[in-house]
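Chemist: Let me give you the structure first, and then I'll get to my questions.
The values are calculated or read from the model by the stated rules, or taken from the named source; none is laboratory data. What you see is a predicted model, and the numbers here were worked out from it, not measured in a lab. Ideal geometry is used to build each Cβ from the backbone, glycine not excepted, and the neighbour counts take in all protein chains shown.
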């Protein structure tokens with residue numbers, strides 16, 4: 001643990017280094033550090049005076065009206081200070097607006113109708129409801145707790161979507177590979193399923209009546225592999241197996257999607273919601289028809305991208321990366337390579353495939 005005075009000295013020395021370094025002093029990294037240093041030192045007069053003197057020396061600030069004896073405690077931005085202010089503003093704008101889909105930027109007039117100022121809390125007083133936690137002895141803002149809870153729920157949903165997407169697409173790709181139908185699996189399985197009898201093979205329906213809306217195709221893929229070895233490459237049986245596999249998948253998907261929709265409606269109280277189907281599997285028309293049928297039954301709106309946009313996930317990720325790069329939304333690449341990356345870093349390690357119910 002660093003003592004307060006030692007931390008202050010360290011920050012001050014870092015500040016001097018950033019000021020002297022032309023590449024860093026007006027860069028994004030530099031401006032954030034400088035901002036934190038000013039905030040950390042604001043209540044320490046001796047060090048703060050040194051910071052002001054150093055900032056004046058390097059053209060960050062100068063006393064307002066200095067030519068005519070100046071004004072006490074009033075400073076203007078110099079050339080580097082203007083750049084610093086601009087960088088802080090740009091960084092804030094990028095992190096608050098560009099990286100949040102539910103936030104947009106507006107530039108409104110200062111002069112407004114008095115009712116606006118009253119409604120916004122500027123006339124009477126700002127009032128943020130607070131909640132006391134008797135166990136932790138801490139106080140929380142109610143709106144922050146609600147936002148955190150929503151973010152937690154959205155995070156869980158995102159994880160389940162990723163798990164389902166991986167299992168779903170993998171099931172089609174592996175079946176297509178076992179039957180030598182080509183890649184990608186979604187549209188190819190559908191193409192050859194049209195030539196077969198969907199009732200010819202009776203395939204298992206893993207966890208269809210348990211585990212909520214969770215999906216697992218482990219037993220189904222094993223059954224397809226077993227049957228594929230028996231047919232000896234005969235086209236008629238190959239097409240029958242593709243058709244039977246697709247029928248089974250759609251039956252499982254119908255049941256699990258219905259459960260998921262009912263859970264979502266019960267938890268959020270939202271009706272007439274949107275249900276988006278995307279990825280390589282969305283190129284399968286039988287799945288589209290299956291989801292559309294369910295949407296009419298329980299009352300949600302199904303959305304599908306155009307077939308030409310239902311490509312491989314790697315291509316989608318690459319395209320998303322290009323769009324983020326254009327907006328200068330670049331992350332540090334400091335993670336190790338892993339062949340089997342866990343969806344939940346906090347989850348305990350589970351050896352082998354399967355679903356823990």
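Chemist: Go through region 53-79 and report how many residues are surrounded by 14 or more Cβ atoms within 10 Å (Cβ to Cβ), at pLDDT below 85 and not in a loop (DSSP other than H, G, I, E, B).
Modeler: Summing the residues that are surrounded by 14 or more Cβ atoms within 10 Å (Cβ to Cβ), at pLDDT below 85 and not in a loop (DSSP other than H, G, I, E, B) in region 53-79 gives 7.
Chemist: Which of the numbered conditions does residue 260 fail, given that it passes all the others? Conditions: (1) surrounded by 15 or more Cβ atoms within 10 Å (Cβ to Cβ); (2) touching a helix residue (DSSP H, G or I) at 6+ places or on another chain (Cβ under 6 Å).
Modeler: (2)
Chemist: Got a sec? Which of 278, 218, 315, 282 is crowded, with 19+ Cβ neighbours inside 10 Å, out of contact with any strand residue (DSSP E or B) (no Cβ under 6 Å at 6 or more places or on another chain) and in the same structural domain as residue 197 (by TED's automatic domain parsing)?
Modeler: Every option except 282 fails the conditions.
For (1) in contact with a strand residue (DSSP E or B) (Cβ under 9 Å, 6 or more places away or on another chain); (2) modelled with pLDDT of 80 or more; (3) not assigned by TED's automatic domain parsing to the domain that holds residue 244; (4) not in a helix (DSSP H, G or I), each residue gets a yes or a no:
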residue	(1), (2), (3), (4)
109	no, yes, yes, yes
125	no, no, yes, yes
128	yes, no, yes, yes
155	no, no, no, no
158	no, no, no, no
174	no, no, no, no
182	no, no, no, yes
186	no, no, no, no
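Chemist: Just checking, does region 262-278 include any residue being touching a residue at least 12 places away in the same chain (Cβ under 8 Å) and within 19 Å of residue 246 (Cα to Cα)?
Modeler: yes
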